[in-house]
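The values are calculated or read from the model by the stated rules, or taken from the named source; none is laboratory data. Keep in mind the model is a prediction, meaning the values are calculated, not measured. Cβ sites come from the backbone with ideal geometry, for glycine too, and all protein chains shown count toward neighbours. All accessible areas refer to the heavy atoms of the entire protein, side chains included, with ligands and DNA or RNA removed. Shrake-Rupley method; radii C 1.70, N 1.55, O 1.52, S 1.80 Å.
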Amino acid sequence: MTSPWTAGQVASVAPDAASLAAARKLVGSWSHTGNKGLALWGLCQGSGSKPYQAVVDLRGPAYKCSCPSRKFPCKHALGLLAEWSEGRVPSADQPADFAAEWLLRREEKADASAETTGYEAPKKTPDPATAQKRADRVASGLVELDLWITDQIRSGLAAMDTSWAGLDAVAARMVDAQAPGIAGTLRALAGTVASTENWPEKVLDELARLRLLVAAHQKLPELPEDLAHSVKAHVGYPVSTGRVMESIPVKENWMILGSGITEEKRLFTRTVWMLGRNSQRWAMLLDFSHGSPNFATETPPVGFLLNADVHFYPAAAALRARMGATHGEPEPFTTMPSGSIDAALQQFTDALAADPWLRSWPAVISSVVPSFVDGAWFLVDESGTAIRAEGDSDPLWKLLGISGGYPVTVCGTWNAQALTPISVFTGGQVIVL
């Protein structure tokens, strides 16, 4: 039987503090609760005549509720998880009728996904003609990009059209050239100009990165294989799931240290950060879902340790990965490997040396105290060494509140300028920020 989550793990999946507070007020409102394997269900009596039907599939985790809330998960799903964490959801032989159908559909969906992504999946032979046609199209588009970059530098950034419409027009040409990675970089430049005081420096840096990427793409046959894969990934070449799953897996005890869901134009992206307990190797899982955050693949919640095979996408500094076979049930962990500021900076340096287009790299830094000084955030270790921290204000103030002025372990991403916290480890628990 799966061990109940801790209060911190329940809090880690809450969409906001208000939902979590509302969930905790539902104590005493539950009936017909039960759990079996990785499923929870229960009825929660609201203000209406009919109780709300809440179901949780812990493998995603995924949630279903009959309430009209647009938050995900809603307070009822969170409340059910809280009831379970407090030991008030008994074991059952079978799911309740209102939960069984949805859980069965998810089980069938998971089986179908395993069939199409596992080792025995039918292999598609790449069409050399199609691949060459795409490569020619990308190469032609990058020639145009190179000319555009040269024009911007020759004319000066003061004369550059940095509006969203102007940069989007160039990005659209890159989409036509089947280079979506570059298109995304160009569109992001408009936001950089609008939100950054020293935007000319940032824009020049991005143009230099793009010029280097164009030059590298022109010399793809001469590059080491892993670096060539990185160049293609930054340009936007697709990599099939089957090809990734055919790679030699890394079997490890993976600590799930962070998870987050973002949304843009109804495309939901879930990012999960994992660290190998023995190898200290990072892995990042990316999953996408259009229309709603119901992801086909499943991962254990933050704060759990999972013995699993992980398959990495080919790259000079491999980070993105897919989950392969799992060995046993996930278990909560209560200790973390130590990590220093110097070690985190060195790891980023090594990764950037391998892949010069990297923007950030995960890091764990132990025994640091968050501090807010003169309008800026810092993480300060025991020796007094400090690094900048950045991100939305709410997570940073939350980190400070959790710390209470005492050292904590912070997991985040370092981008050569500052660390963006993802989660904090304290008191034997991982708390997502």
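Net charge of the neighbourhood of Ala22, taken over other residues with C-beta under 11 Å away and scored Lys/Arg +1, Asp/Glu -1, is +3.
Our summary gives the chain a relative contact order of 12 percent, counting only alpha carbon pairs under 8 angstrom and 6 or more residues apart. Note that region 32-41 has calculated 3J(HN,Hα) couplings of 6, 7, x, 9, 8, x, 10, 10, 10, 8 Hz, one per residue in order, obtained from phi through the Karplus relation 6.51 cos²θ - 1.76 cosθ + 1.60 (θ = phi - 60°); glycine and proline are x. I need the shape label for region 355-412. Rule: rounded when a/c is under 1.5, else prolate if a/b > b/c, else oblate, with a, b, c from the alpha carbon gyration tensor. Judged from the Cα gyration tensor, region 355-412 comes out prolate (a/c at least 1.5, a/b above b/c). When only the Cβ of Lys, Arg, Asp and Glu is charged (+1, +1, -1, -1), the dipole of region 185-264 relative to its Cα centre reaches about 200 debye. In the context of the full protein assembly, Arg24 retains an accessible surface of approximately 140 Å², using a probe radius of 1.4 Å and ignoring ligands and nucleic acids. Largest mean-square fluctuation among Val408, Val368, Val170, in a Gaussian network model of the chain whose springs join Cα atoms under 10 Å apart, belongs to Val170.
Leaving ligands and nucleic acids out of the surface, order Leu78, Leu267, Leu38 by accessible area at 1.4 Å, largest first.
Working: Leu78 0, Leu267 70, Leu38 50 Å².
Largest to smallest exposure gives the sequence Leu267, Leu38, Leu78.
Residues in the chain average 50 Å² of solvent-accessible surface per residue, probe 1.4 Å, ligands and nucleic acids excluded.
Enter the angle in degrees (range 0 to 90, nearest 10) between the Cα long axis of helix 128-155 and the first principal axis of the Cα atoms of the chain, meaning the one along which they spread out most. With rounding to tens, the tilt is 70 degrees. Using the Cα gyration tensor of region 173-212, with a ≥ b ≥ c the square roots of its eigenvalues, what is the shape: rounded (a/c below 1.5), prolate (a/b larger than b/c) or oblate (neither)? Cα axes put region 173-212 in the oblate bin.
Summarise the accessible area of the chain (1.4 Å probe, protein heavy atoms) by the percent that is carbon and sulfur. Write out the running numbers ahead of the final one.
Working: 11580 of 21840 Å².
Reported share for carbon and sulfur atoms: 53 percent.
Accessible area of Thr409 (1.4 Å probe, protein heavy atoms only, ligands and nucleic acids ignored): about 20 Å². When both bridge partners sit in the chain, DSSP labels roughly 95% of those beta bridges antiparallel.
On a 1.4 Å probe surface of the protein chains, which of Trp254, Trp377 comes out largest in accessible area, and what is the full order?
Values: Trp254 0, Trp377 25 Å².
Ranked from most to least accessible, the order is Trp377, Trp254.
Taking a ≥ b ≥ c as the square roots of the eigenvalues of the Cα gyration tensor, the chain is prolate, since a/c reaches 1.5 or more and a/b is larger than b/c.
Past 24 Å, Cα to Cα, is the threshold; run Lys109/Lys232; Lys36/Lys75; Lys219/Lys251; Lys75/Lys398; Lys50/Lys75; Lys25/Lys64 against it and keep the listed order. Walk me through the numbers on the way to the answer.
Working: Lys109/Lys232 31 Å; Lys36/Lys75 21 Å; Lys219/Lys251 34 Å; Lys75/Lys398 20 Å; Lys50/Lys75 17 Å; Lys25/Lys64 19 Å.
Correct reply: Lys109/Lys232; Lys219/Lys251.
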